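Worksheet: one structure, shown below.
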Amino acid sequence: MSSEPTISVTGLWKVFGPNPSKLVGSPDAGLPRAELRAKTGCTVAVRDVTFDVAPGEVFVVMGLSGSGKSTLVRCLTRLIEPTAGAVSLGGEDVLKVSGSRLRDLRRTKFSMVFQHFGLLSHRRVIDNIAYPLEINGVSRDKRYARANEVIELVGLQGYGNAFPDQLSGGMQQRVGLARALAVDPEVLFLDEPFSALDPLIRRDMQAEVMRLHRDLGKTMVFITHDLAEAMKLGDRIAIMRDGAVVQMGTPEDLVARPVDDYVADFTRDIPKSHVLTLRSVVRAPQQGEDLSGPELPADTIVREATPVILKSTAPIKVVESGTLVGVVSSNDVLRLVAGDGVDRGN
């Protein structure tokens with residue numbers, strides 16, 4: 001995997017209102033939103049956001065309604081023009097390219113999937129999927145051949161000649177996903193794509209995204225307000241509040257070490273044993289403690305390790321790169337499940 005990030009975001013701001021550039025980095029930008037609007041008539045929707053996304057990474061941005069997450073993803077693609085900052089895609093600053101180059105990037109380098117499917121109701125499924133290729137001037141035979149490949153990829157076999165209103169919500173979102181994949185983009189931006197779906201269909205679509213990511217290795221930026229969804233899909237997660245990133249890290253980082261009560265409230269209902277690895281609960285062996293138990297890698301999820309831990313009469317030896325890093329016993333797991341096995345700190 002390349003060491004260079006696919007996406008690099010530096011000091012990104014989006015201010016709505018009069019003279020927005022004057023607020024960037026100013027003391028007033030830190031005022032509460034209501035007070036800021038009263039004083040300046042402005043709203044800071046994205047506040048000095050910086051992050052990188054590695055090739056093939058699923059980077060999730062989440063937060064409550066109004067936190068700035070959807071504005072952020074629209075700034076990355078210049079559907080909304082940022083007030084300040086830099087957005088690099090494959091080493092190219094998206095914010096500095098010409099209009100024609102931006103259109104080229106949207107047609108070839110990145111695609112978006114929205115909550116509202118935006119399908120063309122008068123066109124068949126195959127024509128909806130082939131539409132980006134049609135815009136790009138691809139011949140009819142070639143674009144239909146590619147559309148059929150993607151139909152197979154997302155599980156829409158047999159629906160190519162159907163019209164969108166003949167499909168369920170989940171199937172329609174599969175069409176939207178297939179349309180985004182048709183141009184074989186480097187990056188997929190998904191803005192709350194499953195929020196309008198029923199819970200069971202939503203779960204199926206989450207599994208579909210995970211499968212597609214395994215099969216294709218696409219870099220993805222996924223926007224959601226659902227922490228369970230973020231935990232399931234994200235390699236790393238950025239939690240936003242009032243336009244700023246409050247904490248960024250792996251699902252395990254957020255559950256094990258929330259930086260404040262805001263993040264802790266988000267993660268409170270997540271079963272720790274489903275997210276944390278043995279690395280998070282390992283402890284040093286006590287003097288004279290039995291070390292005859294089996295070994296498990298430090299990156300084993302606690303839930304998956306539990307049957308082995310409960311079966312063993314001695315603590316499990318936790319190893320990393322062949323080195324013993326500590327032990328975990330059944331009592332350690334019980335403390336974790338009870339909610340007092342993880343430290344909260346900055």
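The values are calculated or read from the model by the stated rules, or taken from the named source; none is laboratory data. Everything numeric here is computed off the predicted structure, so don't read it as measured data. Backbone-built Cβ (ideal geometry, glycine too); neighbour counts: all protein chains shown. We work out accessible area using only protein heavy atoms, side chains counted, and drop any ligands, DNA or RNA first. Shrake-Rupley method; radii C 1.70, N 1.55, O 1.52, S 1.80 Å.
Averaged over its residues, the chain has an accessible area of 48 Å² per residue, based on protein heavy atoms and a 1.4 Å probe. Counting 0.36 nm for each residue step from Tyr262 to Thr313 and taking away their Cα separation leaves a gain of 14.4 nm. Per-residue ellipticity at 222 nm, computed for the chain from helices alone with -39500 (n - 2.57) per DSSP H run of at least four residues, works out to -10500 deg cm²/dmol. Comparing Gly155, Thr250, Ile301 along the charge dipole axis of the chain, the residue lying farthest to the positive side is Gly155, per the Cβ-charge model.
Placing dummy labels 7 Å off each Cα toward the beta-carbon, the span from Ile301 to Arg33 is 3.4 nm.
Subtracting the Cα-Cα distance from 0.36 nm times the residue separation, let me have the gained length for Val337 to Glu4 in nm, one decimal. Kindly include the intermediate steps, with their values, before the conclusion.
Working: separation 333, 0.36 × 333 = 119.88 nm, distance 3.87 nm.
Gain on extension, Val337 to Glu4, equals 116.0 nm.
Measuring between their Cα centroids, the range 249-284 and the range 117-146 lie 44 Å from each other. Please label the shape of the range 166-315 as rounded, prolate or oblate, based on the square roots a ≥ b ≥ c of the eigenvalues of the alpha-carbon gyration tensor (a/c under 1.5 means rounded; beyond that, a/b larger than b/c means prolate, else oblate). Note, shape of the range 166-315 comes out prolate. Between the beta carbons of Asn136 and Arg203, assuming R0 = 30 Å, the FRET efficiency works out to 0.35 to the nearest 0.05.
Based on the Cβ-Cβ distance from Ala145 to Gln287, what FRET efficiency comes out when R0 is 51 Å, to the nearest 0.05? Don't skip to the answer; put the middle values down first.
Values: r = 69 Å, r/R0 = 1.35.
That gives a FRET efficiency of 0.15.
Of the residues Asp226, Asp52, Asp191, the one with the largest accessible area comes first in the ranking Asp52, Asp226, Asp191, computed with a 1.4 Å probe on protein heavy atoms.
Among Ile126, Ile239, Ile201, the residue with the largest mean-square fluctuation in a Gaussian network model of the chain, with springs joining Cα atoms closer than 10 Å, is Ile201.
Just the number, please: carbon plus sulfur as a percent of the accessible area of the range 158-276, 1.4 Å probe, no ligands or DNA/RNA counted. Within the range 158-276, the accessible surface is 47 percent carbon and sulfur. What shape does the range 110-163 take by its C-alpha gyration tensor, where a ≥ b ≥ c are the square roots of the eigenvalues and a/c under 1.5 counts as rounded, a/b above b/c as prolate, and the rest as oblate? Since a/c stays below 1.5, the shape of the range 110-163 is classed as rounded.
If I stretch the segment between Leu324 and Ser65 completely, what's the gain in nm (0.36 nm per residue apart, minus their alpha carbon distance), one decimal?
Numbers: separation 259, 0.36 × 259 = 93.24 nm, distance 4.45 nm.
Length difference between fully extended and current span is 88.8 nm.
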